[in-house]
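What follows is one structure encoded as C-alpha cells, with my remarks underneath.
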Amino acid sequence: MIKSPVTLQDLRKRIYLKAKAEPAWRFWGLYVHVCKMETLQEAYRMAKANNGAPGIDGVTFEAIEKEGLEQFLESICEELVTETYLPQRNRQKEIPKGRGKTRTIGIPTIRDRVVQGALKLILEPIFEADFQEGSYGYRPKRTPHQAVQRVAEAIVSCKTRVIDVDLAGYFDTVRHDILLRKVAERVNDDQVMHLLKLILKAGGKRGVPQGGVISPMLSNIYLNEVDKMLEKAKEVTREGRYTQLEYARFADDIVVLVSSHPKMGWLYNGAILRLKEELAKLDVKLNEEKTKYLDLAKGDNFGFLGFDFRRARTRRGVWGVWYAPKMAARTKMLHKVKEVFRRFRSQPVSRVVELINPILRGWVAYFKVGHSSTTFGYVKDWVEKKVRRHLMRMRGRQGFGWKRWSRQWLYDELRLFNGYRVAPWLKARPVRTVT
C-alpha cells in the first residue's frame, strides 16, 4: 500500500500534537520539510498577502511573478537543499513612534521572507504548544482584543494593583546565544539551527529585526520563561476558582495585575522582584522611567495596546472597568486623515472619501471594544466637518454647508464610512465587590 503524501496542514497539526503531548521531546528531521516546494509556496503566499515593501535588492512581487514564480521558488529550494543559501542584509527603515521618536525596522528581501516564512511554518506548531495562555502577540487565532478583554476582566475582579512593564529596546537587545539555546531545547536538527543562525546574523550581532517574518515568534520564545513564571505565580496563589494575579503579554508589551486585598501586598512586591530576576536571566532590562507601579483603586490609570484603562463606577453603583482609545491613538489616526485632506486638497471629494474610509474602518475595527463610543462620536463629527469644508472649498466658499448637504447625503451618496459601533458583547461585565 502506498501512503498518500502528508500535506503541510496535516504536518503542522501532527507536530503540534506531538509537542503538546511530550513537552520534553526534541524534534529532528525538520529541515527537509522547510525545503519542500509546498512549504515555500505557502510562505510566498503569506509574504505576498502582507504586501510589504521590497528589501535591499529592490525586487518586488510583480518582478518575481513576471520572471516566473516557479523558477524563483525552485532556486530557493535548490539553495536550501545544497545548503548554499545566504540571507542578504535587511533594509533599514525608520518609522514614526510618536513624540518625535522613531523605530528602526529591518525589512528582509522577498527571497529571505520566503525562507523565514518556510522556517516559521515548520517551527511554529512546536512552540505554540509551549506558549502560555497570557501570551497574545502574533499568535494564530489570538487577537489584541482578547488580551484587552483579559486585562479588563482582571480589573473587574479586583486586581487593581498594576505593574505596567516597559522593556528597554527589547527587540534590539535579544541575545542570539540565549535564543538559539532556547530553540535547541525543542529542536534537534543541525541544519535548522544553522539556518536560523544565518537569519539572525543577517540582522546584526544582537537582536531580532522588527519587520522580519520569523521575528515575532522568536521574540515570544525568548520571553516564554517570563510567561511561565507569571503563570506559576497565578496558580500557586489560587484560592479555589479565585485567582490573585493575572497578566497579559503582547510581544514586549506586558501588564501584571494583582489582587487589591491587603494580604496580597507580598504578592505584588514578589511579582516585581521575580519579574526583574527572570528578565535579568535574559539580559533584558526594564525601562525604569516608563515602567509604572500603579493602584487603580487610588485613581491611577495605565495604557495597554492603545487603550486607556481605569477603574470606574457603573450606573448601578458597583466598581467596574472603563477602557477606551488613548488620546494619542486618536490623535495619530486623525493626523493621517488630515494629511489625506491636505495632499488631495484639489481632488474631488469622492477621491478623498475613497482614501480615508480604509483608515477609519481599520481604526474603528481595532477600537470597537470597551467604552469607545464617546471617542467614536468625536471622530465621526470631526470627519464630517472636514468633508464639508472640503466640499465648500471646492466651490470657493467658507463654512460647512449645513443646509446644502444633509448628514444622510454624506453617508448614502458619498459613501463616507459610518460603522462607528462598539461591540457590547466584548465589554467586561462589572461584578459587585467589597471596598
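The modelled label-to-label distance between residue 261 and residue 297, using points 7 Å beyond Cα along the C-beta direction, is 1.2 nm.
Rolling a 1.4 Å probe across the protein heavy atoms gives the range 58-183 an accessible surface of 45 Å² per residue. Here is how the number arises for the chain: DSSP H runs of 4 or more residues each give -39500 (n - 2.57), the sum is divided by the residue count, and the result at 222 nm is -15000 deg cm²/dmol. Between the C-alpha center of the range 1-69 and that of the range 290-367 there is a gap of 36 Å. The charge dipole of the range 237-347, taken about the Cα centre with unit charges on the Cβ atoms of Lys, Arg (+1) and Asp, Glu (-1), comes to about 780 debye, rounded to the nearest 20. Loop-located GluC sites (Glu not before Pro) in the range 285-380 (DSSP state other than H, G, I, E, B) with a sparse environment of at most 15 neighbouring Cβ atoms within 10 Å: 288, 289. Highest mobility in the GNM of the chain, judged by mean-square fluctuation with C-alpha springs under 10 Å and restricted to 317, 169, 211, is found for 317. Taking the Cα centre of the range 180-240 as origin and assigning +1 to Lys and Arg Cβ atoms and -1 to Asp and Glu Cβ atoms, the resulting dipole is close to 300 debye. Placing unit charges on the Cβ atoms only, positive for Lys and Arg and negative for Asp and Glu, gives the range 2-144 a dipole magnitude near 820 debye about its Cα centre.
Output the antiparallel fraction of DSSP beta bridges having both residues in the chain, as a percent to the nearest 5. If you can, show how the numbers build up before the last one.
Numbers: 35 of 37 bridges.
Here the share of antiparallel DSSP bridges comes out near 95 percent.
Full extension of the chain between residue 413 and residue 146 yields a length gain of 92.5 nm, computed as 0.36 nm times the residue separation minus the alpha carbon distance.
Restriction of the trypsin sites (Lys or Arg not before Pro) in the range 1-57 to DSSP coil positions whose beta-carbon has at most 16 other beta-carbons within 10 angstrom yields 3, 26. Placing a label point 7 Å from the Cα of residue 402 along the Cα-to-Cβ line, the residues of the range 370-384 whose backbone N sits under 17 Å from it are 381-384.
Which of the three applies to the range 358-401, rounded, prolate or oblate, going by the alpha-carbon gyration tensor with a ≥ b ≥ c and a/c under 1.5 meaning rounded?
Oblate.
Which length gain, in nm to one decimal place, applies between residue 41 and residue 28 when the Cα-Cα distance is subtracted from 0.36 nm times their residue separation? Full extension from residue 41 to residue 28 adds 2.4 nm. With contacts taken as Cα pairs under 8 Å and at least 6 residues apart, the chain reaches a relative contact order of 16 percent. For the range 30-138, the calculated P(r) over all alpha carbon pairs, in 5 Å bins from 0 to the bin holding the longest distance, is 2, 11, 18, 21, 18, 14, 9, 5, 2, 0 percent. Taken along the Cα-to-beta-carbon direction at a fixed 7 Å, the label points for residue 190 and residue 314 span 6.2 nm. In terms of its C-alpha gyration tensor, the range 152-310 has a prolate overall shape, because the principal axis ratio a/c (a ≥ b ≥ c, square roots of the eigenvalues) is not below 1.5 and a/b outweighs b/c.
Between the residues 312, 27, 7, the greatest Cα displacement towards the positive end of the dipole of the chain, with unit charges on the Cβ of Lys, Arg, Asp and Glu, is found for 312. Ordered by 1.4 Å accessible area with all protein chains kept, 311, 113, 274, 397 run largest first as 397, 274, 311, 113. For the range 157-207, what does the alpha-carbon gyration tensor say about shape, rounded, prolate or oblate, given a ≥ b ≥ c as the root eigenvalues, a/c under 1.5 as rounded, and a/b over b/c as prolate? Oblate, because a/c is 1.5 or more while a/b does not exceed b/c.
The values are calculated or read from the model by the stated rules, or taken from the named source; none is laboratory data. Since this is a predicted model, take the numbers as computed values, not measurements. Don't worry about glycine lacking a Cβ; one is built from the backbone with ideal geometry, like all the others, and counts go over all protein chains shown. To get the accessible areas, we keep the full protein, side chains included, count just its heavy atoms, and leave off ligands, DNA and RNA. Shrake-Rupley method; radii C 1.70, N 1.55, O 1.52, S 1.80 Å.
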